[in-house]
Every structure is written in C-alpha cells, then in structure tokens.
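> This is the structure, below, for whatever I ask next.
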Amino acid sequence: MIAMIQRVTNASVVVEGDAVGKIDHGLLVLLGVEKGDTDAQCKRLAEKVLAYRIFADQQGKMNLNVQQVAGDLLVISQFTLAADTKKGNRPGFSNGAEPIEAKRLYLDFSEQCRLLGCHVENGIFAADMQVTSTNDGPTTFWLQV
C-alpha cells in the first residue's frame with residue numbers, strides 16, 4: 001500500500017458539483033492499493049500515517065503528528081500511485097489491486113484511522129473527483145508498507 005501524504009491547511013473533494021469531503025487542517029492522504037496488499041499492511045499504514053511527525057512543535061521542528069495538532073484526514077483513493085512508470089511514455093496499471101479489493105482496503109484504511117481516534121473525510125471510490133488543497137510547507141511524503 002502506498003500513501004502520498006500532504007500536510008495541508010485545507011483540502012476538499014467535489015464529485016459531480018457536490019462537496020463530499022472537506023478538512024481545514026491536517027493531512028490529505030492519496031491512497032494507492034497494489035496487488036497482494038493485505039489487511040495487516042492496511043493497519044500498519046494507518047498507524048504510520050497517524051504517527052508520522054510532520055507538524056511543527058514550539059521550536060518549529062517537525063516533531064508532532066496529525067493527532068497531536070488536532071488535525072483531520074481527507075482520504076482519496078488514487079489508483080495511479082500504483083502505476084509502473086519505469087519505461088515508455090504511458091503508465092502501466094497492472095500493479096494495481098482489482099477494484100473490489102482496492103475499495104475494500106481503501107474503506108478499511110479509513111476505518112482504521114477512525115478507530116485510532118482521527119476524524120476522517122473521504123472521497124467516493126472510483127468517482128471522477130476534483131481535489132483541491134493548500135499544501136502547507138509544501139510538505140509531501142511518500143509512505144509505503
């Protein structure tokens with residue numbers, strides 16, 4: 001599983017003109033599910049995202065995690081993160097999980113984060129989404145388990 005996380009001052013997702021998810025302060029999580037990803041990896045990635053210390057403490061150092069700063073998550077399914085881009089000019093998508101499994105793990109990831117005490121907003125799986133965010137820093141990390 002792959003999570004591209006961005007520290008944001010705000011983020012939102014719109015589907016067919018309707019806002020379906022919005023946060024003010026926290027993390028935008030673009031989540032990619034690959035073939036063979038497991039429930040254990042899903043849980044581990046949720047724990048890692050919530051524990052990742054990328055928010056500034058009193059001294060301005062990245063020492064605090066999203067929960068320590070009372071931040072929220074906006075989780076968006078992003079199958080293109082699993083793309084093979086090593087050769088040619090067109091990405092290959094054979095590394096991505098089948099849609100049913102990808103949706104299950106995407107929803108499970110969000111639920112794991114909720115169970116760990118974080119407020120989570122979501123996009124709609126497989127929808128054409130317009131995601132808007134203000135990246136704070138900019139601060140962006142690629143996490144993979």
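The values are calculated or read from the model by the stated rules, or taken from the named source; none is laboratory data. Owing to the predicted nature of the structure, the values given are computational and were not obtained by experimental measurement. Cβ coordinates were reconstructed from backbone atoms using ideal geometry, including for glycine residues, and neighbour counts include every protein chain displayed.
> List the pairs whose first member sits in region 117-129 and is among the hydroxyl-bearing types (S, T, Y) and at pLDDT 95 or above, whose second member is buried (at least 19 other Cβ atoms within 10 Å of the Cβ) and part of a strand (DSSP E or B), and whose Cβ atoms are under 6 Å apart, counting only residues at least 6 apart or on separate chains?
none
> Please determine, by comparing only the residues of region 39-54 that are buried (at least 23 other Cβ atoms within 10 Å of the Cβ) and out of contact with any helix residue (DSSP H, G or I) (no Cβ under 6 Å at 6 or more places or on another chain), which one is nearest to G137 (Cα to Cα).
V49
> Among the residues of region 5-23, which ones are buried (at least 18 other Cβ atoms within 10 Å of the Cβ) and under 24 Å from I100 (Cα atoms)?
I5, V13, G21
> The conditions are (1) of a type outside the set (G, A, S); (2) in contact (Cβ under 8 Å) with a residue 24 or more places away in the chain; (3) over 17 Å from T9 (Cα atoms); (4) assigned to a loop (DSSP other than H, G, I, E, B), and K87 fails exactly one of them. Which is it?
(2)
> What's the total number of residues in region 48-84 that are hydrophobic (A, V, I, L, M, F, W, C), within 28 Å of F125 (Cβ to Cβ) and free of Cβ contacts under 8 Å to residues at least 12 places away in the same chain?
Total satisfying the criteria: 0.
> Test V75 against the criterion of being surrounded by 20 or more Cβ atoms within 10 Å (Cβ to Cβ) and either out of contact with any Ser or Thr (no Cβ under 8 Å at 6 or more places or on another chain) or not in a loop (DSSP other than H, G, I, E, B) (or both), and give yes or no. Write out each step before concluding.
Working: surrounded by 20 or more Cβ atoms within 10 Å (Cβ to Cβ): yes; either out of contact with any Ser or Thr (no Cβ under 8 Å at 6 or more places or on another chain) or not in a loop (DSSP other than H, G, I, E, B) (or both): yes.
Yes.
> Please pick out the residue among G26, G96, G36 that is surrounded by fewer than 17 Cβ atoms within 10 Å (Cβ to Cβ) and either closer than 21 Å to A126 by Cα or out of contact with any helix residue (DSSP H, G or I) (no Cβ under 8 Å at 6 or more places or on another chain) (or both).
Checking each option against the conditions leaves just G36.
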